[in-house]
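The values are calculated or read from the model by the stated rules, or taken from the named source; none is laboratory data. The structure displayed is predicted, hence computed values, not measured ones. No Cβ is skipped: glycine too gets one built from the backbone with ideal geometry, and neighbour counts run over all protein chains shown. Heads up: the accessible areas ignore ligands, DNA and RNA and are worked out on the full protein's heavy atoms, side chains in. Shrake-Rupley method; radii C 1.70, N 1.55, O 1.52, S 1.80 Å.
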Amino acid sequence: MSTSKRERERARLREQKWTQRQTDARARRRRAWTIAAAVSGVAVVAGVTVLAVNANAPDKTYTLAPASAAQDREWTGELRTSAGDVAFTLDGQAAPQAVANFVSLARDEYFDGTDCHRLTTERIFILQCGDPTGTSTGGPGYEFGPVENAPEDGLYPAGTIAMARTDAGTDTMGSQFFLVYEDTTLPTTTGGYTVFGKITSGLDVVRAVADAGTTDGTGNGSPATPVTIEGVETQ
């Protein structure tokens, strides 16, 4: 074999090894994002609502913002969606890491053009968003924790904005979040979910989406009314 052929072969093998390492790394990052079932009657697997995704990163690299970026203050903002606009406040004092993460991703236009991919309408009343793929498989390429500001009684009132997390533990939040459109109780034994904001107007928009149900007619699936995030403003 000539020198040039040997070099090409070595380069090909290096490329194969690099590709395999990337594949293995993605496999290690796979996690199931969940919102725990509060009562029976909701579609469950191993006691948790099926909201499974993995933490595969999008093409762009994102970095977790420091909690100090939340500036220990209340933020205001608006979620502009194809179904209507939802105004909100974010509590940078009670949930500084989650707020810093959300604001940073919003300013990087991470959420723009993404779909709210999961709607639950039986016993648990949430619209879940924040997945860059819209397929329940997306994340920013990192995870953070611990859970902040979880209700001790497990009650998430209508209008609550909280972080989804994986079933692997409480240090596993990323970009996915959920909007609560009717009072919902979730088990406290799972570690709870970070409440980092609340809806100040536009709750009727989310409720209208919920009223239309899911694409497959079940109480846990993709919303029949598509909800695409067109932009997120924070200040």
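Could you pull out the residue among GLY213, GLY145, GLY141 that is open to solvent by less than 50 Å² (accessible area, probe 1.4 Å) and over 19 Å from the mean Cα position of the chain (by Cα)?
GLY213
Pairs under 6 Å by beta carbon, first residue without any contact (Cβ under 8 Å) to a residue 40 or more places away in the chain in segment 193-207, partner open to solvent by less than 30 Å² (accessible area, probe 1.4 Å), six or more apart or different chains?
Short answer, once both residue conditions are applied: ARG207/TYR181.
Would you say PRO187 is open to solvent by less than 40 Å² (accessible area, probe 1.4 Å) and modelled with pLDDT under 95?
yes
Does segment 184-235 hold any residues that are over 17 Å from ALA83 (Cβ atoms) and basic (Lys, Arg), and which are they?
Of everything in segment 184-235, just one residue is over 17 Å from ALA83 (Cβ atoms) and basic (Lys, Arg), namely LYS198.
In the list THR61, THR49, THR81, which residue meets the criterion of being at pLDDT below 95, farther than 29 Å from THR189 by Cβ and of a type in the set (S, T, N, Q)?
THR61
Could you go through segment 208-227 and let me know if any residue there is charged (D, E, K, R) and out of contact with any strand residue (DSSP E or B) (no Cβ under 8 Å at 6 or more places or on another chain).
Checked segment 208-227: at least one residue is charged (D, E, K, R) and out of contact with any strand residue (DSSP E or B) (no Cβ under 8 Å at 6 or more places or on another chain).
Kindly evaluate LEU179 against the criterion of being hydrophobic (A, V, I, L, M, F, W, C), in contact with a helix residue (DSSP H, G or I) (Cβ under 7 Å, 6 or more places away or on another chain) and open to solvent by less than 10 Å² (accessible area, probe 1.4 Å).
So LEU179 passes the test.
What are the residues in segment 174-192 that are under 10 Å from PHE125 (Cβ atoms) and assigned to a loop (DSSP other than H, G, I, E, B), if any?
TYR181, GLU182, ASP183
For segment 193-205, name all the residues that are among the β-branched types (Val, Ile, Thr) and outside any loop (DSSP other than H, G, I, E, B).
VAL195, ILE199, THR200, VAL205
Go through segment 60-130 and tell me which strands (runs of 3 or more DSSP E), entirely inside it, have 3 or more residues that are more than 17 Å from the chain's Cα centre (by Cα) and closer than 22 Å to THR225 by Cβ.
Answer list for segment 60-130: 84-91.
Considering each of THR121, THR61, THR89, THR133 in turn, give the residue that is in contact with an Asp or Glu (Cβ under 7 Å, 6 or more places away or on another chain), surrounded by fewer than 24 Cβ atoms within 10 Å (Cβ to Cβ), in contact (Cβ under 8 Å) with a residue 60 or more places away in the chain and β-branched (Val, Ile, Thr).
None of the other options fit; the residue is THR89.
Where the second residue is part of a strand (DSSP E or B) and of a type in the set (D, E, K, R) and the first is touching a residue at least 60 places away in the same chain (Cβ under 8 Å) and open to solvent by less than 20 Å² (accessible area, probe 1.4 Å) and lies in segment 218-234, which pairs have Cβ atoms under 6 Å and are six or more apart or on separate chains?
Going by the 6 Å Cβ cut-off, the qualifying pairs are GLY219/GLU122; GLY231/ARG80.
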